[in-house]
Amino acid sequence: QVQLVESGGGLVQAGGSLGLSCAASGRTSSLYAMGWFRQAPGKEREFVAAISWSGGNTYYKDSVKGRSAISRENAKNTVYLQMNSLKPEDTAVYYCAGDGDLSIGNYYYSAEYDYWGQGTQVTVSS
């Protein structure tokens, strides 16, 4: 099993920045990729960004491209999401996810992932 723990959420003004961290522990050697998803009240969980563990290839939701960056530190088994120019529509619970088996082969789909963190709240005030 893999345990994921997010941190870094909080309240920020529109236009501000926030950095999220996700630390993985356990059988981390099995991970193919890690990603970030978010879920706002009344909406489905949606993809934000992902990064392949070995190659470091990145994938982003269109609405966050250019103002967000996902990165990793393999030695620490940690993935980061730096978010800039935050907007009220970015308000959501952000979840870290780990892909342990490349079951579908599509990092944009939540069902691809096998491990999930507890979530961290990001609130962007207007």
Can you tell me which residue within segment 60-111, out of those that are in contact (Cβ under 8 Å) with a residue 60 or more places away in the chain and more than 15 Å from ARG38 (Cα to Cα), is least open to solvent (accessible area, probe 1.4 Å)? ASP99
Just for segment 112-126: of the residues that are of a type in the set (Ser, Thr, Tyr) and not in a strand (DSSP E or B), which one is least open to solvent (accessible area, probe 1.4 Å)? TYR113
Could you check how many residues of segment 19-45 are touching a strand residue (DSSP E or B) at 6+ places or on another chain (Cβ under 6 Å), open to solvent by 30 Å² or more (accessible area, probe 1.4 Å) and not in a loop (DSSP other than H, G, I, E, B)? 6
Tell me which residues, restricted to segment 8-18, are in contact with a Ser or Thr (Cβ under 6 Å, 6 or more places away or on another chain), hydrophobic (A, V, I, L, M, F, W, C) and either assigned to a strand (DSSP E or B) or open to solvent by less than 50 Å² (accessible area, probe 1.4 Å) (or both). LEU11
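Please go through segment 46-59 and pick out each residue that is assigned to a loop (DSSP other than H, G, I, E, B) and either out of contact with any strand residue (DSSP E or B) (no Cβ under 8 Å at 6 or more places or on another chain) or open to solvent by less than 60 Å² (accessible area, probe 1.4 Å) (or both). Show your work before the answer.
Just the residues of segment 46-59 that are assigned to a loop (DSSP other than H, G, I, E, B), to begin with: 53-57.
Listed by number, the residues that qualify are TRP53, SER54, GLY55, GLY56.
The values are calculated or read from the model by the stated rules, or taken from the named source; none is laboratory data. Everything numeric here is computed off the predicted structure, so don't read it as measured data. All Cβ positions, even for glycine, are placed from backbone atoms using ideal geometry, and neighbour counts span all protein chains on display. The accessibility values were calculated without ligands, DNA or RNA, using every heavy atom of the protein model including side chains. Shrake-Rupley method; radii C 1.70, N 1.55, O 1.52, S 1.80 Å.
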